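The values are calculated or read from the model by the stated rules, or taken from the named source; none is laboratory data. Worth saying up front: this structure is predicted, and the values here are computed from it rather than measured. Cβ atoms come from the backbone with ideal geometry, glycine included; neighbour counts cover every protein chain shown.
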Amino acid sequence: MTRHLIGRVLVPGSAEGRALVSRHPLSFWGGFNPRTGEIVDRRHECSGQIVTGRVFVLPAGKGSSTGSASLLEGIRLGTAPAAILLLKTDPILALGSIVADELYGRSVPILVLPEDGFHSLKDGDRLAIARDGGLTVSSPDTV
Amino acid sequence: MTIRLTDRDRQMLDGRSGEGTRLAMSIIVRMAEVCGAEELLDVTQAHIDGCGFLSDASLEFAETLASGGARVSIPSTLNMGPLDLQNWRAFGVPEDFAARAIRQARAYTDMGCIPTWTCAPYQGYLTPRFGQQIAWGESNAVVYANSVLGARTERYGDYIDICAAITGRVPRQGLHLKENRRGQLLVRLVDFGLGRLREETFWPAFGHFLGVAAATDRIPVIEGLPPDATDDQLKALGAAAASSGAVALFHAVGLTPEAPTAADAFQGGRPEETIEVRSGDLDAAAADLSTADEGASLDVVLLGCPHFSFAEFRQLAEQVRLAPGKSRCQFIVITSTQAHALLERSGLPAPLTDFGVRITLDTCMFHTPMVAPGTRVVMTNSGKCAYYAPGELGVKVAFGSLADCVRSAVEGRVRREGRR
């Protein structure tokens, strides 16, 4: 089954990947290891998961303002998520991606989704993000 | 959406003020679009967080700005750096890390930043005024500046902070505007006796609770804090709340400047939600901050997250004076050169050194490789340190009071009062 959603673009770009869905916010500094792409916040539901190449779906960032630096370094090293989908604007994550674009011409697309669309996403959904904020969702076979 | 820019903004954005300034202004304008701001506003002070974390990207960013001729246009203090600039060799920091950290530090000082190197700038040099528009990075400094001082800043991340310092401009939005500083969540302390409020662990444990309860960034209004709370207690509260949550501003009725009354804090509106906090909630929060078992063999005590103040050194000296022996584990205190200068003139350093305290300046346990490899169990009185240590240092952590930290150091095992 394929569906379409529209998000508000914080950082434009196109990307594809499988969804990694978190119901809780994450601080990228202290929570994401840019050398390995692992979620290292041991209190977080996604602890131990690798976000590299995934579309990371989380309500917002939190905590450290060094989150931008962790995301920037992850983009430089190629360990960052393929895209980030949020429920609310997160300037710290957007900034990491914008600085990566300015410095390296590479960025992670970041969108803010409407609430019902955000909550409809499931772990493992195949997502395609377009530059204009369009999002195509293909759910794996549903029973 | 287009942002309304002044002629001077355009001059910076067009590159007429140099390439470094152009890069800074481009990032400010793109961030204004992200935030939905329609124009920029002037800020008159900055605190730079981006100087603290060392990666190839962070070094490249700083050197790109500095070599592009960018200079700060407003007084700009620096957060802790990735190195104790004087004593790094004594902490076993690798040479290549140090060389790159020194290059990064130089890029920021070359741009005209003030080398304060502290994450507690509000206890040192250039404390902002009530109502002053500022651009501060470092989550604990942001929450302190907004809440305790009543200055106005957004939660600026690494990199936009130096861009704001260079351009003197930020997006006109968020906590810079009075209407966005209105309380949203009422947090009422109910069955707390004065004794509990006097306990040192109350502040970080309550901060940890508050960060989770506020769920991302709702502005909490707290009723029931004692009116004689100290700067250090509010520092501990804010730092913990900005770690477990995204709290950038809290109001405490009768204590913080925008909350003489609850009605002031809510700006005449009503709370979206009311939460009642009982002492059991704080026991749970304190327990959540510990991952090490009682009695576990202790490798290192880490204090000074945020940087230890002179008053905190005095409290530590008192605990050390009462201690029945010396520390059997590493005992590290992190502070600023400003607090350290006072310490040096006080007569306290000798007993602290004698106990086994090692003081490190300018840096952070999470940003410099100073905790020895193989370290398994860390103890701290900081909610922020306890929150981040398991993920950042790969250790187990015990959270306790300063007295617990000193007692445990003497025994070489985690020993907290009232626990078995």
> Is it the case that A:Pro114 is surrounded by fewer than 21 Cβ atoms within 10 Å (Cβ to Cβ), at pLDDT below 95 and either more than 12 Å from the chain's Cα centre (by Cα) or among the aliphatic types (A, V, I, L, M) (or both)?
Replying inline: no
> If only one of B:Ala372, B:Ala389, B:Ala311, B:Ala296 is within 14 Å of chain A (Cβ to nearest Cβ) and either under 18 Å from B:Arg415 (Cβ atoms) or touching a residue at least 60 places away in the same chain (Cβ under 8 Å) (or both), which one is it?
Replying inline: B:Ala389
>> For the list (1) within 13 Å of chain A (Cβ to nearest Cβ); (2) within 29 Å of B:Asn180 (Cα to Cα), I need the number of the one condition that B:Asp9 fails.
In response: (1)
>> Can you tell me which residue is farthest from the chain's Cα centre (by Cα) among those in region B:26-73 that are at the interface with another protein chain (Cβ under 10 Å from one of its Cβ atoms), buried (at least 17 other Cβ atoms within 10 Å of the Cβ) and part of a loop (DSSP other than H, G, I, E, B)?
In response: B:Ser55
>> Can you pull out every residue in region B:54-83 that is hydroxyl-bearing (Ser, Thr, Tyr) and touching a Ser or Thr at 6+ places or on another chain (Cβ under 6 Å)?
In response: B:Thr77
> Can you pull out the residues in region B:74-97 that are in a helix (DSSP H, G or I) and crowded, with 20+ Cβ neighbours inside 10 Å?
Replying inline: B:Trp88
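Rundown of residues vs (1) in contact with a helix residue (DSSP H, G or I) (Cβ under 7 Å, 6 or more places away or on another chain); (2) farther than 16 Å from B:Thr368 by Cα; (3) modelled with pLDDT of 90 or more, yes/no style:
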residue	(1), (2), (3)
B:Asp42	no, yes, yes
B:Asp49	yes, no, yes
B:Ala70	yes, yes, yes
B:Asn79	no, no, yes
B:Ala90	no, no, no
B:Ala99	no, no, yes
B:Ile114	no, yes, yes
B:Gly131	no, yes, yes
B:Ile134	yes, yes, yes
> In the set B:Arg22, B:Arg16, which member is farther than 28 Å from B:Thr337 by Cβ, among the basic types (Lys, Arg), free of Cβ contacts under 8 Å to residues at least 12 places away in the same chain and in the same structural domain as B:Trp136 (by TED's automatic domain parsing)?
Replying inline: B:Arg16
> Can you tell me which residue in region B:293-305 is farthest from B:Thr375 (Cα to Cα), limited to those that are of a type in the set (A, V, I, L, M) and surrounded by fewer than 24 Cβ atoms within 10 Å (Cβ to Cβ)?
Replying inline: B:Ala296
> Across region A:83-111, which residue is farthest from B:Ile27 (Cα to Cα) among those that are buried (at least 21 other Cβ atoms within 10 Å of the Cβ), more than 9 Å from every other protein chain (Cβ to nearest Cβ) and small (Gly, Ala, Ser)?
Replying inline: A:Ala83
>> Just to verify a result, which residue in region B:389-416, among those that are under 17 Å from B:Pro204 (Cα atoms) and out of contact with any strand residue (DSSP E or B) (no Cβ under 7 Å at 6 or more places or on another chain), is surrounded by the most Cβ atoms within 10 Å (Cβ to Cβ)?
In response: B:Asp404
> Residues in region B:306-314: is at least one more than 19 Å from the chain's Cα centre (by Cα), over 21 Å from B:Thr375 (Cβ atoms) and outside the structural domain of B:Ala236 (by TED's automatic domain parsing)?
Replying inline: yes
>> Can you pull out every residue in region B:119-138 that is closer than 17 Å to B:Ala240 by Cα, not hydrophobic (A, V, I, L, M, F, W, C) and not in a helix (DSSP H, G or I)?
In response: B:Gly137, B:Glu138
>> Can you confirm whether B:Asp404 is more than 14 Å from chain A (Cβ to nearest Cβ) and at pLDDT 95 or above?
In response: yes
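Any residue in region B:195-214 that is in contact with a strand residue (DSSP E or B) (Cβ under 7 Å, 6 or more places away or on another chain), modelled with pLDDT under 95, crowded, with 20+ Cβ neighbours inside 10 Å and outside the structural domain of B:Val142 (by TED's automatic domain parsing)? Give the derivation first.
Keep residues of region B:195-214 that are in contact with a strand residue (DSSP E or B) (Cβ under 7 Å, 6 or more places away or on another chain), which gives B:209-210, B:213-214.
So of that shortlist, the ones also modelled with pLDDT under 95 come out as B:213-214.
Then keep just the ones that are crowded, with 20+ Cβ neighbours inside 10 Å; that gives B:213-214.
Next, from what is left, pick out any that are outside the structural domain of B:Val142 (by TED's automatic domain parsing): B:213-214.
Yes, region B:195-214 contains at least one residue that is in contact with a strand residue (DSSP E or B) (Cβ under 7 Å, 6 or more places away or on another chain), modelled with pLDDT under 95, crowded, with 20+ Cβ neighbours inside 10 Å and outside the structural domain of B:Val142 (by TED's automatic domain parsing).
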>> Based on this model, can you work out whether A:Gly117 counts as more than 14 Å from chain B (Cβ to nearest Cβ), part of a helix (DSSP H, G or I) and in contact (Cβ under 8 Å) with a residue 12 or more places away in the chain?
In response: yes
>> So if I check each of A:Ser47, A:Ser14, which one is surrounded by fewer than 20 Cβ atoms within 10 Å (Cβ to Cβ), among the polar types (S, T, N, Q) and under 29 Å from A:Gly134 (Cβ atoms)?
In response: A:Ser14
> Can you name the residue in region A:67-82 that is more than 7 Å from chain B (Cβ to nearest Cβ) and polar (S, T, N, Q) and, of all such residues, is surrounded by the fewest Cβ atoms within 10 Å (Cβ to Cβ)?
Replying inline: A:Thr79
> Pick from A:Phe56, A:Phe28: which is away from every other protein chain (no Cβ under 13 Å) and either in a loop (DSSP other than H, G, I, E, B) or crowded, with 19+ Cβ neighbours inside 10 Å (or both)?
Replying inline: A:Phe56
>> Quick test for you: out of B:Gln338, B:Gln330, pick the one residue that is in contact with a strand residue (DSSP E or B) (Cβ under 8 Å, 6 or more places away or on another chain) and either in the same structural domain as B:Glu312 (by TED's automatic domain parsing) or touching a residue at least 24 places away in the same chain (Cβ under 8 Å) (or both).
In response: B:Gln330
>> Just to be sure before I move on: is A:Ser64 touching a residue at least 24 places away in the same chain (Cβ under 8 Å), in a loop (DSSP other than H, G, I, E, B) and facing chain B (nearest Cβ under 10 Å) in the structure I sent?
In response: yes
>> Condition first: within 14 Å of chain B (Cβ to nearest Cβ) and assigned to a loop (DSSP other than H, G, I, E, B). Now tell me which residues in region A:1-25 satisfy that.
In response: A:Gly7, A:Pro12, A:Gly13, A:Ser22, A:Arg23, A:His24, A:Pro25
